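The values are calculated or read from the model by the stated rules, or taken from the named source; none is laboratory data. Predicted model only: the values in this text are computed from it and were never measured. Here the Cβ positions follow ideal geometry from the backbone for every residue, glycine too, while neighbour counts run over all protein chains shown.
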Amino acid sequence: MFLQPDWLFVSTDTTRKPEANERNGEHYYFVQEEEMAADIVSREFLEYGQRKNILFGIRLDSVRDVIATGRMPVLDVEPRALRILRSAEFAPLVVLLVPPPLSRLLSQDGQHDMLDGSLTQLVQESEVLEYVYRPYVDRVVVHRAVEESVDEVVELVNDSRLERWVPIGWTC
């Protein structure tokens, strides 16, 4: 994995049953559906969702717990979560990873938009995300090779640690 020693993925709460090799709190917190539903109503989650009748979500206290250890929480969240994260408490570095232009994707893969148009759809959806959420994003990274993109994100994080400014509106 490309995580730096002081970075940590935030564990997700889920109502699914643990698999044999999984331990509570390692990658997931396994909770009862009633407990999670009550905590959702109490607004204790940064984001949550449901897939195949299984609830999952990132608890705000899980993010706070990582920060309290002096480590940097790494989150992969839906853009809606930025309304909560863009605050003085969390002061995130928000990086949007987008695909390269369609022409480059087609030339790299040697495919003609995979017959079903999925590459075109990917690029179009990314353009919409970038347009709508650009005001909340600190940097847009155009994905190239995995190592190059990771190196760019690591450099952005390291640079962001030098000095951070918080907009006055976040302090009110």
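Considering Ile58, Ile67, which residue is part of a helix (DSSP H, G or I), within 30 Å of Asn158 (Cβ to Cβ) and touching a residue at least 12 places away in the same chain (Cβ under 8 Å)? Step through it out loud before you land on a result.
Numbers: Ile58 fails: part of a helix (DSSP H, G or I).
From the options Ile58, Ile67, the qualifying one is Ile67.
Name the residues in region 65-91 that are among the basic types (Lys, Arg) and surrounded by 14 or more Cβ atoms within 10 Å (Cβ to Cβ), would you?
Arg71, Arg86
Considering only residues that are in a helix (DSSP H, G or I) and surrounded by 13 or more Cβ atoms within 10 Å (Cβ to Cβ), look in region 109-126 and name the one that is modelled with the highest pLDDT. So that I can check it myself, show each step before the final result.
Step one: list which residues in region 109-126 are in a helix (DSSP H, G or I), which gives 109, 118-126.
Keeping just the survivors that are surrounded by 13 or more Cβ atoms within 10 Å (Cβ to Cβ) gives 119-120, 122-123, 126.
Working: Leu119: 78, Thr120: 82, Leu122: 84, Val123: 84, Ser126: 87.
Checking each candidate, the answer is Ser126.
What are the residues in region 38-64 that are among the acidic types (Asp, Glu), buried (at least 16 other Cβ atoms within 10 Å of the Cβ) and over 12 Å from the mean Cα position of the chain (by Cα), if any? Working first, answer last.
Of region 38-64, the ones among the acidic types (Asp, Glu) are 39, 44, 47, 61.
Narrowing further to those that are buried (at least 16 other Cβ atoms within 10 Å of the Cβ): 39, 44, 47.
Selection gives Asp39, Glu44.
Is it true that Glu19 is part of a loop (DSSP other than H, G, I, E, B) and farther than 25 Å from Val150 by Cα?
Yes: the conditions hold for Glu19.
Would you call Val153 outside any loop (DSSP other than H, G, I, E, B) and either among the acidic types (Asp, Glu) or more than 16 Å from the chain's Cα centre (by Cα) (or both)?
On the way: outside any loop (DSSP other than H, G, I, E, B): yes; either among the acidic types (Asp, Glu) or more than 16 Å from the chain's Cα centre (by Cα) (or both): no.
Considered against the rule, which asks whether it is outside any loop (DSSP other than H, G, I, E, B) and either among the acidic types (Asp, Glu) or more than 16 Å from the chain's Cα centre (by Cα) (or both), Val153 comes out as no.
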